[in-house]
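Working notes for the structure below.
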Amino acid sequence: MNELLLVGIGVMGRPYADAAARLGCRLRIVDTIPGTEVPGAAYHRIDEAILDESWYGGMAAALAAAPSPDAIVAFAESQVLAGALAQDQLGLPGPSLHAALLSRNKALQRAACARQGVRQPEHLLTRELGEARQWMRDRLPVVVKPVSASASIGVELVTDKAELDDVVDRRSGEGKLLVERLVAGPEYSWEALVGEGEVLFETVTAKETTPPPYFVELCHRIGHRFESQTARQVEELTRGVLRALGMRTGLVHLEFRIGPDGPVLIEVAVRTPGDHIIEAVGRAYDFDPYEAVVRLAAGLPVTGLRGRELRSHTAVMFVTGPPGRIRQISGADRVRDHPAVSRLTLDLGPGDTIAPLTSSLQRAGHLLIEADSPEQRDEALDFARHHLHIETEQPTT
């Protein structure tokens, strides 16, 4: 392997660059503003970080400069389609163009998964939310979400007729939206490495989210185990989704809820999940998932993934505080000293402003927990919640 082309990197994608260095290959990166430079890597800059077209423009420039990479890895959601287009053009391993397109469009996911009999929420695609008013009224509570977005941006629960009228007025003119009947039940995700359509590694992550109306993720516990019947149902669900995607090779992040009748698909993506989940997975199962992804993307052998058992019990917890300007943060040093806390990162400090929590982009930091048992992991989470405090005040006018 001589060269890896990485579409996007950010902070959580940096381990892909480390994996490339260990494998002894050159690295090209398509990315936006400076701030995550990797020494020795060649960069192709783009200005707009949201549009699929901008990422493909950067990809096209990178391929014009060096047309024969040995592997392409697309990091985040808005980069998936650009990566798949290039993989398809060059005949390189990847999730498939079909899977990438479905990853970028939740309405297309619903249609494709319905063909495979995958259990999903009752849903409606609408070009204007007002046109769905009666459908929503008849099925309350419902969830409104954008067709193409991530980080819980624009996801909103509507529970009664007053909230329905408010959300329709507020989000009129927003364009295409997906509305779904709420699936009441706990939320999980399924992370898997897939090679030529075969599941090589899989794990379930249990989630905690904010209360309604938003669903911002606050904690991920890696390596959740279901009782046998639910485990079989989850396996059936995940394999049905892989068939619907036409998934070939790469990383899959699938979110689902356990409803009254079993697991129900919420959404699926063929890219690295956010929230440091894959780092926590690697620590829990004692292997490097980033290097495994690079190897799969290059068509190199990946061994030792099947049947891996948990070696430690990991979790990622997010730091939040009341909206307002931060006056002080207390307890951080005490939390860092806890033996099960591997990392505490605060993204905000005194003088910064905490916005009302409506998406993952508004959290104030995170902790990575690594413990010898589930009990020790949960004790560390409780310790952090009890001792780490953010005090805010309302700015004076």
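Values in this text are rule-based calculations from the coordinates and carry no lab data. These figures come from a predicted structure and were not determined experimentally. Virtual Cβ from ideal backbone geometry, glycine too; neighbours counted across all protein chains shown.
At-a-glance table
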{"read-out": "Debye, to nearest 20: dipole size of the chain, +1 on Lys, Arg Cβ, -1 on Asp, Glu Cβ", "value": "580"}
{"read-out": "Vicinal HN-Hα couplings computed from phi for region 244-256 (Karplus, 6.51 cos²θ - 1.76 cosθ + 1.60; Hz; Gly/Pro x)", "value": "4, 5, x, 5, 9, 9, x, 9, 10, 10, 10, 9, 8"}
{"read-out": "Phi to ³J(HN,Hα) by Karplus 6.51 cos²θ - 1.76 cosθ + 1.60 over region 90-101, Hz, x for Gly, Pro", "value": "9, x, 9, x, x, x, 3, 4, 4, 5, 5, 5"}
{"read-out": "Only Lys, Arg (+1) and Asp, Glu (-1) charged, at Cβ; region 135-224 dipole about Cα centre in debye", "value": "240"}
{"read-out": "Environment charge of ALA71, counting only residues whose C-beta is closer than 13 Å and scoring Lys/Arg +1, Asp/Glu -1", "value": "0"}
{"read-out": "Rounded to whole Hz, the Karplus (6.51, -1.76, 1.60) HN-Hα couplings of region 314-330, x for glycine and proline", "value": "10, 8, 10, 10, 9, 8, 9, x, x, x, x, 7, 5, 8, 7, 10, 10"}
{"read-out": "Built amide H within the under 5 Å cut-off of GLU187, gap 5+", "value": "LYS207"}
{"read-out": "Low-density loop cleavage sites - trypsin sites (Lys or Arg not before Pro) in region 273-381, where at most 12 other Cβ are within 10 Å (DSSP)", "value": "ARG306"}
{"read-out": "Amide H partners (placed H, <5 Å) of GLY365, local residues excluded", "value": "VAL319, ASP347"}
{"read-out": "Dipole magnitude of region 281-325, debye to nearest 20 (Cβ charges: Lys/Arg +1, Asp/Glu -1, about Cα centre)", "value": "120"}
{"read-out": "14 Å Cα-Cα reach of LYS207 towards aspartates and glutamates, excluding residues that sit fewer than 8 places from it in its own chain", "value": "GLU187, GLU191, GLU217, GLU255, ASP275, ASP378"}
{"read-out": "Footprinting exposure proxy for ILE369, ILE258, ILE50 (fewest neighbouring C-beta atoms within 10 Å first)", "value": "ILE50, ILE258, ILE369"}
{"read-out": "Residues whose placed amide H lies under 5 Å from that of THR249, excluding near-sequence neighbours", "value": "GLY94, SER96, GLU196, GLY197"}
